[in-house]
1. Just to be sure I understand, how many residues within region B:93-111 are touching a Leu at 6+ places or on another chain (Cβ under 7 Å) and under 17 Å from A:SER97 (Cβ atoms)?
2. Within region A:25-43, take every residue that is over 19 Å from B:GLY41 (Cβ atoms) and touching a Gly at 6+ places or on another chain (Cβ under 8 Å) and give me the one that is surrounded by the most Cβ atoms within 10 Å (Cβ to Cβ).
3. Can you spot a residue in region A:40-51 that is touching an Asp or Glu at 6+ places or on another chain (Cβ under 8 Å) and away from chain B (no Cβ under 11 Å)?
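All of the numbers you see were taken from the coordinates with simple rules; none came from a lab. All values derive from a computational prediction rather than experimental measurement. Cβ placement follows ideal geometry from the backbone for every residue including glycine, while neighbour counts extend to all protein chains displayed.
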Amino acid sequence: NAGVMQNPRHLVRRRGQEARLRCSPMKGHSHVYWYRQLPEEGLKFMVYLQKENIIDESGMPKERFSAEFPKEGPSILRIQQVVRGDSAAYFCASSPSGHPDEQYFGPGTRLTVT
Amino acid sequence: AQSVTQPDIHITVSEGASLELRCNYSYGATPYLFWYVQSPGQGLQLLLKYFSGDTLVQGIKGFEAEFKRSQSSFNLRKPSVHWSDAAEYFCAVGVRNQGGKLIFGQGTELSVKP
């Protein structure tokens, strides 16, 4: 069983461009979480999705950020009009149950905004 | 609100010496507690977890942690550190009844001296 896949692993964007980060959960997992790790900080929860539904977006910035997890295909974290402060590592985790003890993390996407 | 504090940002120990990384949490009920390790440029690997029962839990790579409810602590220990243990260590609380999101501490960076 392949682990959680994230791509790209590294992404460079200029200020004002859009960034799209993809997360393919483990087979059989219908729950996806996105976390952001700013430099020198721990991971911060952003959003929790189940197939086609956003369950908890309490950690998402109010503007420019959106997430989706369609019926088919990977979960997408989209950042519009990126700014330097968006430079971070973005991790997704998937779970078969939505239970905290069953989250499996991907390798992360490192976004650099120039 | 739930929170996790790791008081030590950076710790250096000699190879073969014992290790204790501190973690304090704030949570209204018995929490789910986790320790993760992150090597540079990598994702997170689960070391161990606690939900209930025996307050001393064993994990991978020779690590153990002890849950102390009276001190709201979940400290990570290892009797003899290896150079390969150098990494960033994160303590996390799993939030029950809120979709399983994890709340992370700021992390402790471990350096190992030869």
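1. Counting residues in region B:93-111 that are touching a Leu at 6+ places or on another chain (Cβ under 7 Å) and under 17 Å from A:SER97 (Cβ atoms) gives 1.
2. A:TYR33
3. Taking every residue of region A:40-51 in turn, none turns out to be touching an Asp or Glu at 6+ places or on another chain (Cβ under 8 Å) and away from chain B (no Cβ under 11 Å).
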